[in-house]
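**Q** Okay, here's the structure, questions in a sec.
The values are calculated or read from the model by the stated rules, or taken from the named source; none is laboratory data. Please read these numbers as outputs of a predicted model, since none were measured by experiment. Cβ sites come from the backbone with ideal geometry, for glycine too, and all protein chains shown count toward neighbours. Each accessible area value is taken on the protein alone, full model and side chains, heavy atoms only, with ligands, DNA and RNA left out. Shrake-Rupley method; radii C 1.70, N 1.55, O 1.52, S 1.80 Å.
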Amino acid sequence: MTPVTRQEVLGLYRKIFRIAKKWQSASGHIEETIKEKEYIKNEAKTLFRKNKNVTDPKLIKQCIEECEARIEIGLHYNIPYPRPIHLPPMGLAHKQGRTLRHQEKLRKISKPIYLKSHDEVS
């Protein structure tokens, strides 16, 4: 990892913890706010530790993009949890009828960047 990339990653890590410190839940309830703050901290720790040994520059760039996307979406919608995608069970099927394996491949390709690591951790 280059020094510039390292600084960028550490900056994102610090930014997440600053956001968690100032976080206020949409409902305004103290219990909800505390729960969401803990979720933000735990999610950040888990994902950053999981990816600490990544050395491929393309994969590092993808992880950084995912992190930035999740931060922006969380701040915009005021929810710390990843926004789910809603696809009908066989919504990506072709009229000729493809196998279930092909369905899963299409579903994986259509998944937004901010959900890629969430499914691996959950």
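**Q** Do the conditions hold for Glu38, that is, is it under 19 Å from Phe17 (Cβ atoms) and at pLDDT 85 or above? I'd like the intermediate steps shown before the answer.
**A** On the way: under 19 Å from Phe17 (Cβ atoms): yes; at pLDDT 85 or above: yes.
Answer is yes for this residue.
**Q** Which one of the conditions (1) assigned to a helix (DSSP H, G or I); (2) without any contact (Cβ under 8 Å) to a residue 24 or more places away in the chain does Tyr39 fail to meet, given that it meets all the rest?
**A** The one condition Tyr39 does not meet is (2).
**Q** Continuing with the same structure: Can you tell me which residue is farthest from Glu68 (Cα to Cα) among those in segment 11-32 that are within 19 Å of the chain's Cα centre (by Cα) and open to solvent by less than 60 Å² (accessible area, probe 1.4 Å)?
**A** Ser25
**Q** Identify the residue in segment 72-92 that is outside any loop (DSSP other than H, G, I, E, B) and farther than 17 Å from Ser27 by Cα and, among all such residues, is modelled with the lowest pLDDT.
**A** That would be Ile73.
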